[in-house]
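Notes to accompany the following structure.
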Amino acid sequence: MNEAIEKAKEHLGKLLIEQLERVDRLKKEVDWINYSKLQPIIIGIIGGDGIGPEISRHAKTILEFLLREEIKKRKVELRVIEGLTIENRVKIMKAIPDDVLTEIKKCHVLLKGPTTTPRKGDQWPNIESANITMRRELDLFANVRPVKVPKLNIDWIFFRENTEGAYVLGSRGLEVTEDLSIDFKVITTQGSTRIIRLAFDYARKNNINRVTVVTKANVVKTTDGKFLTIADQIAEEYPEVEWDDWYIDIMTAKLVDPARRSQFKVIVAPNLYGDIITDEAAQIQGGVGTAGSANIGKRYAMFEAIHGSAPRMVQEGRAQYADPSSLIKAAALLLNHTGFITPAKKLEMALDICAIYQKKLKITGRADGATCDELTGYIMETLQDPELEKNWQCYQ
Ligand code: IPM
Ligand code: MG
């Protein structure tokens, strides 16, 4: 027993040193990248695994089309990055192989297909999720997930903290004895400040007068308590923005409460709560397949589908029926983030029409529905329709 305690202490000691070093790194101010000064902006396209290669191939076709002039003038380069597959990662037991990470770091922004996250009991050993590693390696601290349902008067944007909380040491928990398992949750002043500030800045810039902070600070007092205290302090700097705070349990209920939900606008939360409520929100919009996800840092940004790699679809030979909407939505977020506002807006309108409003083609994930290829064709056609904006307006 003593031996187990000593081992646990040693492990905890190491984690604390690492986290304090991380805090030191966070204290160093880094400027935001300025895309307008880059020539070319390098957009890395990562296929991932499962249905990833199929849907990212189609998202790439759309980016190639929308950025054709910029690509021709060498203002933009699309670069395919191979090798971020579960087979490769398992072979060397690394969440992201070194050579792939080097290639990733040569890009400015990334569009990433889903990557399989091994879980207890499946065929893969327990390596860390490529998503979590990439968010950490590239310091993508803000997971920004918009959800809109005009006819329900829902217009939410979630700012999920993306680099700490229950995730940062999620693969580093302790089996102290056969009977005692302990995981760790980490919240820092610096990590909380930057995500909360980003949410308030967004509200200010977009004339939105409410920010909602989600925690479980009544129970998880130390870490969530810190997050909430920092929110309280930051809010003082934004007197024109009202703010309120909700606990995660009641927040999940209020998101489905028609009387309350349209009052929420900008929502900021620590990592795990943000993970959970953004899936719920996406479902209200029409399913996780309809929502894109932006992972933003000061130096890099990565855009991805909100859903997983659906290995079962591939095993059953159904990859061609995968829904590319979520990744194409992510491509629209990428365009917007890198300053290509008009193509971003067009793509969002085309997607809304094809995947939500008009829905001439329906993806079911099976042979009775449309293929990924057909839906992409439909989106491309819609994009080129001179009446695009007018058509979209009809549904607003
Ligand atoms: C997401 C996903 C990931 C997460 C998984 C795949 C690790 O659910 O992007 O929301 O939990 O962050
Ligand atoms: Mg999730």
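What follows is calculated from the coordinates using simple rules that are stated; it is not laboratory data. Quantities reported herein were computed from a predicted structural model and do not represent experimental measurements. Heads up, the Cβs are rebuilt from the backbone with ideal geometry, glycines too, and the neighbour counts pull from every protein chain shown.
Details
- DSSP bridge pairs, region 144-287: antiparallel proportion in percent, nearest 5: 40 percent
- A cut-off under 12 angstrom between Cβ atoms defines the neighbours of LEU169, and their net charge, with Lys, Arg +1 and Asp, Glu -1, is +1.
- Tilt relative to the chain, helix 2-27 - C-alpha long axis, 0 to 90 degrees, to 10: 50 degrees
- Among the trypsin sites (Lys or Arg not before Pro) in region 1-65, those located in a DSSP loop and surrounded by at most 13 other Cβ atoms within 10 Å of their own Cβ are LYS28.
- In order along region 374-389, the Karplus-derived 3J(HN,Hα) couplings, from 6.51 cos²θ - 1.76 cosθ + 1.60 at θ = phi - 60°, round to 5, 5, 4, x, 5, 5, 4, 4, 4, 4, 8, 6, x, 8, 3, 5 Hz, and Gly and Pro are given as x.
- Neighbour cut-off at most 12 other Cβ (10 Å), DSSP loop, GluC sites (Glu not before Pro), region 364-396: GLU387
- Just so you know, the Cα atoms of region 144-287 work out to an Rg and Dmax of 15.8, 54 Å.
- Coil-residue GluC sites (Glu not before Pro) of region 1-40, DSSP, other Cβ within 10 Å capped at 13: GLU29
- Each other residue within a Cβ distance under 12 Å of GLU29 adds +1 if Lys or Arg and -1 if Asp or Glu, for a net charge of +4.
- Relative contact order for the chain, counting Cα pairs under 8 Å that sit 6 or more residues apart, in percent: 18 percent
- For the chain, the fraction of alpha-carbon pairs in successive 20 Å shells from zero, as %: 26, 59, 14, 0
- Relative contact order of region 26-86, defined on C-alpha pairs under 8 angstrom at six or more residues apart (%): 46 percent
- Computed from point charges on the beta carbon alone (+1 for Lys and Arg, -1 for Asp and Glu), the dipole magnitude for region 144-287 about its Cα centre is near 580 Debye.
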